[in-house]
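The values are calculated or read from the model by the stated rules, or taken from the named source; none is laboratory data. Since the structure is predicted, the reported quantities are computational estimates derived from the model, not experimental observations. Neighbour counts are summed over all protein chains in view; Cβ atoms, including those assigned to glycine, are modelled from backbone coordinates with ideal geometry.
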Amino acid sequence: MAIRIFIDEQEVKAEPGESVLMVARRAGFDIPALCYHEAVESIGACRLCLVEVRSGARPGISTSCNMKAEDGLRISTDSPEIRRDRATNLELLLLRAPGSPVLRELAARWGVRPRLQPPPDAGIANCILCELCVRVCAALGHNALAAVGRGEKKRVGPAFGKPAEGCVGCGACLSVCPTRCIVMKDTPAARTIWGQSFEFHRCQVCGQPVITEKHRAFAIAKRGLPEDYYDVCEPCKQSQASQRFASVVW
Amino acid sequence: MPRFSSEKDLESYRHKVAAGRAPDRRAVAVCAGTGCKAFGSAKLLPVFEAELAKASLKGKIELRATGCHGFCERGPLVLIFPAGRLYTKVKPEDVPEIVREDLAGGRVVERLLYRDPVSGKAYEKEEDIPFYMHQQRLVLKNNGLLDPASLDDYLALGGYRALAKAFAMGPEKVLEEVKKSGLRGRGGAGFWTGRKWEICRAAPGPDKVIICNADEGDPGAFMDRSVIEGNPHSVLEGMLIGAFAIGASTGCVYIRQEYPLAVERLGRAVAAAREAGLLGENILGSGFAFDLRIYRGGGAFVCGEESAMIASIEGRRGVPRRRPPYPAQSGLWGRPTNINNVETWANVPWIIDRGADWYRAIGTEKSTGTKIFSLVGKVNNTGLVEVPMGISLRQIVFDIGGGIPGGKKFKAVQTGGPSGGCLPASKLDIPVDFDTLVREGAMMGSGGMIVMDESTCMVDVARYFLNFLKFESCGNCTSCRDGLYQLHRLFTDIAEGRGSEHTLELVEELARTVKATSLCALGSTAVNPVESTLKYFREEILAHVRDRRCPAKVCKALITYTINDKCNGCTLCAKRCPQQAITGTVKKLHVIDQKKCIKCGICLDVCKQDAVWVE
Amino acid sequence: MTPAAAPAVDTAKVKEILSRHPAGDAGALVNVLHDLQAEFRYLPEEALKLAAEHLQISQAQVFGVATFYEGFHLKPRGKHVCTVCMGTACHVRGAPKLLDQLERDLKVRAGGTTPDLSVTLETVNCVGACALGPLLIVDGEYHGNMTTGRLPKLVDSVLKEGKS
């Protein structure tokens, strides 16, 4: 059953338990967030999606990604406090990832300029430690990555800092990475990521890479696909299909 | 040890144990707490044994190793019963004299008595010593009387009587009694214990869990360790009563791995309680079943936070998660969970045994009962003190603690650990209770009380806590992880003479955001030490910033070591200087080369002539 | 001095320790790590891999947990362990001076081990023996009211014993 929440005094419909951030974005509110992805559980790491709760027992500033919608919830998405705290957290993130276009764009928009020294670079350059890669990798069943260490020494990566056990070279970690800081290199023959190379399985029609061999084996075993499922790439499958269609019609 | 199947069983056994123990029986109690053990108390026991045998007193005088007495500064402590005589700083070579003079001869060994450092007065009895006189011991009361390894000892002092009483009362009445007592959690924010139990009891799901938080993480606090080491059954009894009131059949004790002795003693107590039928099925014939497991922490301060502790028990990284849902709704293994700390649980048997009205009469209206503080730092009588809530800081630091050593001036007392704050001399007369401390910018926390004198630098202390916290942050939230890193860096700038007014502005700005936007209490309270320092010790910070001066002479970058004409040329400092920065010949004035000096302070420590000067 | 190679891990012993915990019980991870460290004094990579296999979780998960807790060590530790208590009481009574001195004398940073694996220098956040501060713990034995003057002798005696 749908419930109602109030965002900046505007009534918005939501499902109970839905992420407030998702509800707000759907209704067209612009709340920045870097560590959020609707496919995985929110952990509230980046601290940018701040809103101010104005109802209930615990009013005050809070992140919206890991806040669940409840009937009658009242929040505001903008206030001097929100802007101030969001700018400070953005500044801290920018110090970690000065090379990230997304962060630079946000910083330019809010007039944030770093005044502090960057923290020591313990892990991957430009990584903001949001763990989206870790969470997505786990959700896909590979579990190749983890948050490692804690506090200022926290970083993300595979076990023992070695080529990741369980990694199939699918590249999902990079595709969700907000700062695009994960290093992945594709050549016509293979993909290199997390210290390992993965040979490509090629399209039997056009010869283009379809998927890494290891990812192919994983997907076929896990999803029970036919052995030849990845033998032809999507564009070639489509053109084959349209050719079949044409031969029937004409 | 028989297995008790009913209250009658328990009482008749208690009667039997007590009958064998005349109140005036003679005994020697050697403190076996961590403090006294570190001073070598374990070596005393075999010597006592041998000497008692030699004096043909073996069997006539009982020899006991007991829990912590709290007066750790003076350890090892030895108590002579029934007189209640306390000998302090006892060494193995003192034992023959104690046996010969006191135990065999009935003469007091004057030189081993506690002597007041100021008045020089010697005290014979423990209870007359100012350190103990102003205390009101409840939770710690039996620590010095019983052998923590002996369930008999605990039973002889009335142990598990409250549990039997609770069974007779029924869970609702027990809950009412705890609510009425006004007991508040001794581990941090001081939430009402009865209310917390009630929420968990009311939560849907028959399969509830209780946890004892023994992850005493505040540096400078060790009361929980002492209670578990000295009287583990009192914690188990409190947990049993709580479990009965809440309706939980499973319990966990999450204990710091840094406390090996406490882990061992608790494990023994659990095994003894199980053997006696005080844990397990149908306890004392009540139909109530409860058992517990001990989990060792891995060494992470953040695991004192409830949701992080749950994650750790479940075998995961101790990262807090957003609440709600609260542990009382969905906690350990998804079950409704109630968490209290060691001291809170240990208060429960007293409340049930003596009643809520009796308990309420101790302390203040909104902070009832007693609180244990670990009084440490720059104070004469270091140790554990248990006092009624509402007593003033001054009474604790000066009447009980005996003031500051070496005639130095009191500067501040830090309460509440890394989430607390530093209170200055002008706050010495505030009553110590949950709400007043918070109002003044500090916190009760678990009860660490670190005294600081004029030679403690408040910039250095703030930097110390920031260093601690940036290291202990789980690293999830940007604000906490990177904010604390930056705050520490800014305080380092101040300590090293690179600070400016702009640095202070940045500090204040960052502190606001860390506090407002971090997920858990570690982050949101992490700036308390900073904010209280800015509030009460701004002048001292400004001395670092404006004058490049550290008034307490602590911050290395702002001080210099020189040798004055008191130097008699003993050459000791030159020999020990790791940098070979000191030159001089025998019987001639020595000189420190400031270019080579790394300000390690070793010359100051080794000089017997008081000739090394810090400015 | 070249760093001594990590000793080979007794796989049979690891498996014996793992068999005390139910296979597939991910919740036992922290306890498993404690038990492994009690045997090996650190957590060898090989043992962690076997633990992952036994508990049916990924190596990454095991590694993430093992590195989160300060009490777990992923590198072999020295024959002797010197631990400086950095609790607040010890701090105000001069613990940082002791740590500086040990770092200088042993030529390792806190958390490090001498190349010959004789001594590991560690810090701990508080062991609750605040009355004894500043406190140095050598191989589990507490040395209270430590001074920079008494420290070198104590360290020497430990090192000598190590060589004999």
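Results, tabulated for the structure shown:
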read-out	value
Identity of the residue in the stretch A:47-78, charged (D, E, K, R) and within 20 Å of A:CYS35 (Cβ to Cβ), that ends up modelled with the lowest pLDDT	A:LYS68
When residues of the stretch A:35-58 are limited to those that are touching a Leu at 6+ places or on another chain (Cβ under 7 Å), within 10 Å of another protein chain (Cβ to nearest Cβ) and not small (Gly, Ala, Ser), the one nearest to B:THR478 (Cα to Cα)	A:CYS46
C:LEU98 vs. criteria under 22 Å from C:LYS153 (Cα atoms), within 12 Å of chain B (Cβ to nearest Cβ), surrounded by 18 or more Cβ atoms within 10 Å (Cβ to Cβ) and in contact with a helix residue (DSSP H, G or I) (Cβ under 8 Å, 6 or more places away or on another chain)	yes
Residue list for the stretch A:195-213, restricted to those being part of a helix (DSSP H, G or I) and either buried (at least 19 other Cβ atoms within 10 Å of the Cβ) or not assigned by TED's automatic domain parsing to the domain that holds A:LEU140 (or both)	none
In the stretch B:401-431, the residues that are in a helix (DSSP H, G or I) and either out of contact with any Leu (no Cβ under 7 Å at 6 or more places or on another chain) or at pLDDT 95 or above (or both)	B:PRO405, B:GLY406, B:GLY407, B:GLY417, B:SER419, B:ALA425, B:SER426, B:LYS427
Among the candidates A:ILE75, A:ILE61, residue that is among the β-branched types (Val, Ile, Thr), within 11 Å of chain B (Cβ to nearest Cβ), touching a helix residue (DSSP H, G or I) at 6+ places or on another chain (Cβ under 7 Å) and not in a loop (DSSP other than H, G, I, E, B)	A:ILE61
The listed residue being under 30 Å from B:ALA168 (Cβ atoms) and buried (at least 21 other Cβ atoms within 10 Å of the Cβ), out of B:LEU10, B:LEU86	B:LEU10
Residue in the stretch B:190-210 that is assigned to a strand (DSSP E or B), among the charged types (D, E, K, R) and crowded, with 20+ Cβ neighbours inside 10 Å present	yes
Residue list for the stretch B:487-521, filter: within 21 Å of B:VAL319 (Cα to Cα), at the interface with chain A (Cβ under 10 Å from one of its Cβ atoms) and either in a helix (DSSP H, G or I) or among the aromatic types (Phe, Trp, Tyr) (or both)	B:THR513, B:VAL514, B:LYS515, B:ALA516, B:THR517
Subset tally (residues that are more than 13 Å from the chain's Cα centre (by Cα) and over 18 Å from B:GLY185 (Cα atoms)) for the stretch B:366-390	4
Test result for B:SER524, in a helix (DSSP H, G or I) and in contact (Cβ under 8 Å) with a residue 40 or more places away in the chain	no
Pairs where the first residue, in the stretch B:143-162, is closer than 16 Å to B:ALA29 by Cα and the second is acidic (Asp, Glu) and surrounded by 24 or more Cβ atoms within 10 Å (Cβ to Cβ), C-beta under 7 Å, 6+ apart	B:PRO148/B:GLU229
Pairs, first away from chain B (no Cβ under 14 Å) and at positive phi in the stretch C:24-51, second in a helix (DSSP H, G or I) and not small (Gly, Ala, Ser), C-beta under 6 Å, six or more apart	none
Residue selected from the stretch A:91-147 under the condition among the acidic types (Asp, Glu) and modelled with pLDDT of 95 or more, by the criterion nearest to the chain's Cα centre (by Cα)	A:GLU131
Qualifying positions in the stretch A:5-38 - among the aromatic types (Phe, Trp, Tyr) and surrounded by fewer than 18 Cβ atoms within 10 Å (Cβ to Cβ)	A:PHE6
Positions within the stretch C:111-164 being acidic (Asp, Glu) and closer than 26 Å to C:PHE72 by Cβ, in sequence order	C:ASP116, C:GLU122, C:ASP139, C:GLU141
Filter result for B:LYS575 (assigned to a loop (DSSP other than H, G, I, E, B) and at pLDDT below 95)	no
Any chance C:CYS90 is surrounded by 22 or more Cβ atoms within 10 Å (Cβ to Cβ) and part of a helix (DSSP H, G or I)	yes
Complete set of residues in the stretch A:111-123 that are exposed (fewer than 13 other Cβ atoms within 10 Å of the Cβ) and under 15 Å from A:ARG86 (Cβ atoms)	A:GLY111, A:ARG113
Boolean, B:ASP610 is under 42 Å from the mean Cα position of the chain (by Cα) and loosely packed, with under 13 Cβ neighbours inside 10 Å	yes
Extreme residue, farthest from the other protein chains (Cβ to nearest Cβ), among residues of the stretch B:1-53 that are over 32 Å from the mean Cα position of the chain (by Cα) and among the hydroxyl-bearing types (Ser, Thr, Tyr)	B:SER12
